[in-house]
Structures are given as C-alpha cells and as structure tokens.
Amino acid sequence: MSEENIPRGISRSLFWLLVGTFFGAGISILYAPSSGDRTRHYLKLQTERARRKARQMNEGIKENIENLVHEIREIRETIISEGIELTKEKKAELVAAIEAGKKTMEEEKKRLEQLRIKETEQ
C-alpha cells in the first residue's frame, strides 16, 4: 500500500460509518413505538420507579442492618453476663479449693507434728 491509499481508506471508512449512522437513525425513527414526548415521559416514569425501588431497597437494607446490630448487642450482653457469672462461679470454686488446700495443709502439719512428738517420746 502506498501512502496515498492510507488517507483514502480512512476517508472511505469514515464515509461508510456516517452513512450507517444516518441509516440506523432513520430506521429507528421510523420504527419507534412512540413519539419523542411519549418516550421521554415513559423514561421519566421508569426512572422514578427505579428511584423508588432503590429507596425502598435502601430502607430495607438499613432496617436489616439496624436489626442485626441490635441482635449482636443483645448477644454480646448475654455473653458478657454469662461470662461474669461463670467467672464468679469459678472464683468461688477456686476460693473453696484454696480453703480446702489450707485445711488439708493444717491437718497434715498437725499429723506431722504428732508424729514428731511420738518419735521424740520414743
């Protein structure tokens, strides 16, 4: 291809693109189901419906999120209160075990003391 053919090929392509565009626009005008005013009105109504649906969905999502947050807070409070109760129970068990250990230690001290006394008497 020579350099002269390149611009000519581009101009041909551009020409056919414009012809196709005008041809398509003419066909769409001929076969349009409604006039421009009706079509604009229809599109406006559809836009309003879509906006309403979007608002409703947004409100529904917002409500669901608020409910979820509320449920999470309730679960958190339940877990915290159960954790506090469990801690109190375990603390009481630990204190009882320590007291039992002290008592056993005192008894063992007394027994060892008595054994030592018996050994020194013999």
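Every number here is computed from the coordinates shown, using simple stated rules; none is lab data. All values derive from a computational prediction rather than experimental measurement. As a convention, Cβ positions derive from the backbone with ideal geometry for all residues, glycine included, and neighbour counts pool all protein chains shown.
Here the extension length gained between Arg12 and Ile29 equals 3.5 nm, from 0.36 nm per residue of separation less the Cα-Cα distance.
Helix 36-121 axis versus longest C-alpha principal axis of the chain: approximately 10°, rounded to the nearest ten. Summing Cβ point charges (Lys, Arg +1; Asp, Glu -1) relative to the Cα centre of region 32-121 gives a dipole of roughly 1000 debye. From helices alone, the chain scores -34500 deg cm²/dmol at 222 nm; the rule is -39500 (n - 2.57) for each run of n ≥ 4 DSSP H residues, then divide by the residue total. Note on the chain: lysine pairs with Cα distance below 19 Å, sequence gap of 8 or more or different chains, count 8.
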